[in-house]
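Contents: one structure, followed by commentary.
Derivation of every value follows stated rules applied to the coordinates shown; laboratory data play no part. The structure presented is a predicted model; accordingly, all values stated were derived computationally and were not measured. Here the Cβ positions follow ideal geometry from the backbone for every residue, glycine too, while neighbour counts run over all protein chains shown.
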């Protein structure tokens, strides 16, 4: 028991002796903790630096430290005087206050469209055929191709000037599939017996799920 207590005491002493660094914001509002090369150029915060990906500031026992993340994955640390830190914050505040054109984040658009293909071909097209139940095979084939194509090309056209992050792409597709499964369960709960009834419920909840997933991921 004494040995365990001694080990715990040693671990506690080592933990208390560790240097704790706190992140420092580049602005006075405490919102910017990572300064990109583009923002650094616009704010002229550290004009002497170049060839880096982004910057971070840390509060250490020895004072503020600037950490430079180079494009070759290496890092460099340098001390920053308190006076210079104050000046940097003033310049970043001015930079943030400037009116700038809104740049849409569409990094997840390609991923969304690729994942929309199996959802459109494997679910939306067959669902509409199940709902309408055309008697003619050619009419059913035409309806399937038209519906599945529309479920891909309509979102592609609609999102050409719309934000689509990776989180929005993921949740929109995921909720589309989960909406179909939830719709199947709900159709059984409400007592839908024919294929047109349960396919209609599944289709409606699946489409709603895609919109809901996109909306819920807006701030993620």
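Computed across the chain, the Kirkwood hydrodynamic radius from all distinct Cα-Cα pairs reaches 22.5 Å. Sorted ascending by nearby beta carbons within 10 Å, beginning with the fewest, 32, 190 become 190, 32. For the chain, the longest principal axis of the Cα atoms and the long axis of helix 166-189 meet at an angle of about 40 degrees. Sequence-distant contacts, meaning Cα pairs under 8 Å at least 6 residues apart, place the relative contact order of the chain at 15 percent. Per residue, the chain reaches -19000 deg cm²/dmol at 222 nm when only DSSP H runs of four or more residues are counted, each adding -39500 (n - 2.57).
The angle between the Cα long axis of helix 82-97 and the longest principal axis of the Cα atoms of the chain comes to about 30 degrees, rounded to the nearest 10. Contact order for the stretch 21-97, expressed relative to its length and based on alpha carbon pairs under 8 Å spaced 6+ residues apart, stands at 30 percent. Taking Cα atoms only, the orientation of helix 109-119 departs from the longest principal axis of the chain by about 30 degrees.
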